[in-house]
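Visitor: Below are the structure tokens for one structure; questions will follow.
The values are calculated or read from the model by the stated rules, or taken from the named source; none is laboratory data. What you see is a predicted model; the values in this text were computed from it and never measured. Using ideal geometry, Cβ is built from the backbone for each residue, glycine included, and neighbour counts are taken over all protein chains shown.
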């Protein structure tokens, strides 16, 4: 249950950061802060899920979650790199679209994970 609450908090924090970035098209300190804390909570949630499952063996749920986390980390890293190199100027169209795609995939992974867990419990 702690893992579920933690991943939901991660989703909330990452959503706030993504919405701010999509609206402003900038990598502001607030955007980077929300995204970074969201990623930290998702890493924590992933660790809690591994402990709860008592297995590190890859599953469909795990592969989807790890790939979504990898996209989140990549997006956050790219936005930090952009801010360091260019400051508060608008992000490129490519980075703007990548951020949107990474977020969309993560939401899909969140929903899919929930559905997979419910299906396992029903079986």
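Condition check ((1) modelled with pLDDT of 95 or more; (2) within 9 Å of the chain's Cα centre (by Cα); (3) under 12 Å from residue 103 (Cβ atoms)) across all residues:
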| residue | (1), (2), (3) |
| --- | --- |
| 9 | yes, no, no |
| 14 | yes, yes, yes |
| 17 | yes, no, yes |
| 25 | yes, no, no |
| 30 | yes, no, no |
| 33 | yes, no, no |
| 37 | yes, no, no |
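Visitor: Follow-up question, since we're still on this one. Within segment 56-68, is there a residue that is within 17 Å of residue 9 (Cβ to Cβ) and touching a residue at least 60 places away in the same chain (Cβ under 8 Å)?
Guide: no
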